[in-house]
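Enquirer: Have a look at the structure that comes next, please.
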Protein chains: 2
Amino acid sequence: MSLQSRRPQTVKVRDVAREAGVAVGTVSRVLNDHPTVTRELRERVERAMADLGYEVDVTAQSMRAGRSRLVACAIRDFDIPRFALFIKEAEAVLREAGYTLLLASTTNRPDVEISLLRAFRRRRVDGVMMTLSDEEHRDVRQALSEAPMPVLLIDRDCVGALDRVTADHRQGARLATGHLLGLGHRRIAMLVGDTKAFPSRSRLEGFREAHAAAGIAPDSRLVRDNVLSSEDAYRATASLMGGTNTPTALFVAAMDMLGGCLRALRTMGLAVGDRLSVVAGSDSDLAELHTPPITSIEWDLAAMGRHAAIMLLERMRGDEIERGRGLTVPTELIIRGSSRPPAN
Amino acid sequence: MSLQSRRPQTVKVRDVAREAGVAVGTVSRVLNDHPTVTRELRERVERAMADLGYEVDVTAQSMRAGRSRLVACAIRDFDIPRFALFIKEAEAVLREAGYTLLLASTTNRPDVEISLLRAFRRRRVDGVMMTLSDEEHRDVRQALSEAPMPVLLIDRDCVGALDRVTADHRQGARLATGHLLGLGHRRIAMLVGDTKAFPSRSRLEGFREAHAAAGIAPDSRLVRDNVLSSEDAYRATASLMGGTNTPTALFVAAMDMLGGCLRALRTMGLAVGDRLSVVAGSDSDLAELHTPPITSIEWDLAAMGRHAAIMLLERMRGDEIERGRGLTVPTELIIRGSSRPPAN
DNA sequence: CGGAGTCAATGAACCGGTTCATCATAACGC
DNA sequence: GCGTTATGATGAACCGGTTCATTGACTCCG
């Protein structure tokens, strides 16, 4: 039969129907495991499909059904190592359920987010999971409210009725900051990302809460926001440590920015440890295996991906669930050698 | 279950045509920038589309055209930080050209690879870029040869006529091994991945070639293959360093396995440097910022992603190009403090 | 024996665009 | 004035499945 498969002409339901001597509707019913089909006919149709090497055309199915069995995932930047865990888990759950994952990068721009939502709609995508550059952006919110398919936000908060999975960044930052304050640090610098989005906003809140709880006023000049790339982290660290009135501790709260920070410290000849404590906002091999190992905040991104997929699947099934569900994954502080009492 | 909630009424070409007072064919011609349409009508149709908030249905377009403007990317595991660079670049190029990226993970299993190829075909995917767990696998090769769309192999070699982008891992391994041999090492251990696939196979070749060029016979007991996870790297390192006749240098050639290796060394109380040189098969923040910094092999994964997308686009356009083109990205050795002459 | 009821199979209509043979109109040449 | 072209618009057929009203066969029961 391998010679038959050479045919460029594709086999269609009609052909299977003719081969099996049944109607096209019957072939369709076999394909969809419809209960009202006798065993005998089912076997005949299945044999015909096997003989002809038939394969359904998902496009045609989507056409009629109005759903594509596609789920889109749009995140700021794939190039965040730990995010791969999220995608990996989400994809596994979705594929198990018969869905295929579409991937796109928003590059953290509202206009791209909007145009991607439009593109997903054009493709009749059944569900979307995405990050937002700015939860308050008017046009983005408009586009989200007009989306005909369920949208789940990844690590974002939104007053709208969208489902979301988040990590408890506020708690993470509170733990990290409290840990440093408890060691005796009074001048704690913080590197944080885009505060228009939930994670950095929450971290900032946690940072302030921990200070408030300790009755200490944070020095706002030590807080650098909008740290979005390794180069940003490098520059922010250099500027913080290069001036007068330098901090005794550095909380690199933005995700995956530890490298840029450590690179700057090394260039400046500053060692982590005795004179400067460092805490990372997310864990990594780098944090764990650095000398000294870097105290880090950790949370389960794989679980976030899994739950995001599950929640979206429920929503796509059209289950009657309350709107705007939120799942929050806890954060944890792993204390390592990079955080010590301040010198003298 | 109201009909409206089941299928929210959307604006179709018919509606636009009625609104603009033209035929559906004319709307279609406007949509596709067909030259034979007067400016006046074009404007009327465009106004009608804007007024009604019309959006084409890509599924319906695919249905008729027989192509989906989807490109699938299937790799072993997303959870390889540097691979994100490949995907990021490829996605950017493809989106620019009007394609959307489908993502799937093969988990390095031939049966999954085959079933994914089938799924892609069912979706009428226009092109595929993927890795293979085993280039010689009969059924996979069969499935590849039957694929109706162009397939491009990522970092794989194949005697078939498929396009491919590869990195010159042989050269990288030769450089790394030569470097260690040049420093005076005679007992070099190597951690390598699945030798059924191109990268590890090439690295092994490079390792042997460098030995041959130096007139030295490698000790095959020091070569550990099938190192595919961080845990594998941990175990392999522990076993290599725990026995008698330990190596003086460790070439961690498998991608992204440095963490597991370093973790094992630390657990065993072994320092990198004086008594043991280490070279990593791929660069990372960890390698760069470790103490001492780890000598590493580097190559441009972003360029691989970019070229993979471009080559696939050319192939999908149906250009008359010779089959089985291959693009190889060079590898480079970044010498750092972790590789030194062996002690005494 | 006839009427009601059950159940599987049928096939035409449909999903929403694109294509192309056909047609209407205007321009042009002689 | 009439035939010929050129140009642009038309709309029915088509892509490949799914759906559902209808049909046909068969069973059950009074």
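Enquirer: What helices (runs of 4 or more DSSP H) lie completely within region A:31-118 and have 2 or more residues being of a type outside the set (G, A, S), within 13 Å of chain B (Cβ to nearest Cβ) and away from DNA strand D (no atom under 16 Å from the Cβ)? Walk me through how you get there before you give the answer.
Expert: Working: elements: A:39-52, A:58-65, A:83-96.
Hits in region A:31-118: A:83-96.
Enquirer: Please go through region B:210-227 and pick out each residue that is polar (S, T, N, Q) and outside any helix (DSSP H, G or I).
Expert: B:N226, the sole residue that qualifies.
Enquirer: Name the residues in region A:83-108 that are touching a helix residue (DSSP H, G or I) at 6+ places or on another chain (Cβ under 6 Å) and closer than 12 Å to A:L313 by Cβ, would you?
Expert: Those that are touching a helix residue (DSSP H, G or I) at 6+ places or on another chain (Cβ under 6 Å) and closer than 12 Å to A:L313 by Cβ: A:A90, A:V93, A:L94, A:A97.
Enquirer: Inside region A:288-301, can you point out the residues that are of a type in the set (A, V, I, L, M) and facing chain B (nearest Cβ under 9 Å)? Steps first, answer last, please.
Expert: So in region A:288-301, the residues of a type in the set (A, V, I, L, M) come out as A:289, A:294, A:297, A:301.
Residue satisfying the conditions is A:L289 alone.
Enquirer: For region B:65-118, what are the residues that are among the β-branched types (V, I, T) and within 19 Å of B:M304 (Cβ to Cβ)?
Expert: Result: B:V71, B:I75, B:I80, B:I87, B:V93, B:T106.
Enquirer: Determine, yes or no, whether A:A161 is modelled with pLDDT under 95 and among the aliphatic types (A, V, I, L, M).
Expert: yes
Enquirer: Only one residue in B:A213, B:A173 is assigned by TED's automatic domain parsing to the domain that holds B:D274 and surrounded by fewer than 24 Cβ atoms within 10 Å (Cβ to Cβ), so which one is that?
Expert: On the way: B:A173 fails: surrounded by fewer than 24 Cβ atoms within 10 Å (Cβ to Cβ).
Being assigned by TED's automatic domain parsing to the domain that holds B:D274 and surrounded by fewer than 24 Cβ atoms within 10 Å (Cβ to Cβ) holds for just one of B:A213, B:A173, which is B:A213.
Enquirer: Here is a follow-up. State all residues of region A:216-227 that are more than 21 Å from A:L333 (Cα to Cα) and crowded, with 18+ Cβ neighbours inside 10 Å; if no residue qualifies, say none.
Expert: A:L222, A:R224, A:D225, A:V227
Enquirer: Would you confirm, using the coordinates I've provided, whether A:T195 is open to solvent by 20 Å² or more (accessible area, probe 1.4 Å) and either within 21 Å of A:G260 (Cα to Cα) or part of a helix (DSSP H, G or I) (or both)?
Expert: yes
Enquirer: If I filter region A:28-41 for residues that are within 27 Å of B:R67 (Cα to Cα), surrounded by fewer than 15 Cβ atoms within 10 Å (Cβ to Cβ) and either more than 9 Å from DNA strand C (Cβ to nearest atom) or free of Cβ contacts under 8 Å to residues at least 60 places away in the same chain (or both), do I get at least one hit?
Expert: Looking through region A:28-41, at least one residue is within 27 Å of B:R67 (Cα to Cα), surrounded by fewer than 15 Cβ atoms within 10 Å (Cβ to Cβ) and either more than 9 Å from DNA strand C (Cβ to nearest atom) or free of Cβ contacts under 8 Å to residues at least 60 places away in the same chain (or both).
Enquirer: Still on this model: Answer yes or no as to whether B:R336 is charged (D, E, K, R), under 25 Å from B:L94 (Cβ atoms) and not assigned by TED's automatic domain parsing to the domain that holds B:R174.
Expert: no
Enquirer: Oh, and also: Looking only at region B:10-27, which residues are polar (S, T, N, Q) and near DNA strand C (Cβ under 6 Å from one of its atoms)?
Expert: Within region B:10-27, just B:T10 meets the criteria.
Enquirer: For region A:304-323, does any single residue satisfy the condition of being open to solvent by less than 50 Å² (accessible area, probe 1.4 Å), of a type in the set (A, V, I, L, M), away from chain B (no Cβ under 14 Å) and more than 27 Å from B:I80 (Cα to Cα)?
Expert: yes
Enquirer: Of everything in region B:67-90, what is without any contact (Cβ under 8 Å) to a residue 12 or more places away in the chain and open to solvent by less than 20 Å² (accessible area, probe 1.4 Å)? Give them in sequence order.
Expert: B:A84
Enquirer: Now for a separate question. Would you please name the residue that is farthest from the other protein chains (Cβ to nearest Cβ), looking only at residues in region B:240-285 that are hydroxyl-bearing (S, T, Y) and open to solvent by 60 Å² or more (accessible area, probe 1.4 Å)?
Expert: B:T244
Enquirer: Can you pull out every residue in region B:42-66 that is under 18 Å from B:V125 (Cβ atoms) and loosely packed, with under 15 Cβ neighbours inside 10 Å?
Expert: B:R64, B:A65, B:G66 - these are the residues of region B:42-66 that are under 18 Å from B:V125 (Cβ atoms) and loosely packed, with under 15 Cβ neighbours inside 10 Å.
Enquirer: From the residues in region A:9-27 that are within 11 Å of DNA strand D (Cβ to nearest atom) and loosely packed, with under 15 Cβ neighbours inside 10 Å, which one is modelled with the lowest pLDDT?
Expert: Taking the candidates together, the pick is A:Q9.
Enquirer: Which condition number does A:D168 fail, the rest of (1) away from chain B (no Cβ under 14 Å); (2) without any contact (Cβ under 8 Å) to a residue 60 or more places away in the chain being met?
Expert: Every listed condition holds for A:D168 apart from (2).
Enquirer: Quickly run through region A:59-85 and pick out the residues that are more than 13 Å from DNA strand C (Cβ to nearest atom) and farther than 30 Å from B:S284 by Cα.
Expert: A:R69, A:L70, A:V71
The values are calculated or read from the model by the stated rules, or taken from the named source; none is laboratory data. Since we're looking at a predicted model, the values are computed, not measured. Glycine gets a Cβ as well: all are built from the backbone with ideal geometry, and neighbour counts include every protein chain shown. Areas reflect the complete protein model, heavy atoms only, side chains present, ligands, DNA and RNA absent. Shrake-Rupley method; radii C 1.70, N 1.55, O 1.52, S 1.80 Å.
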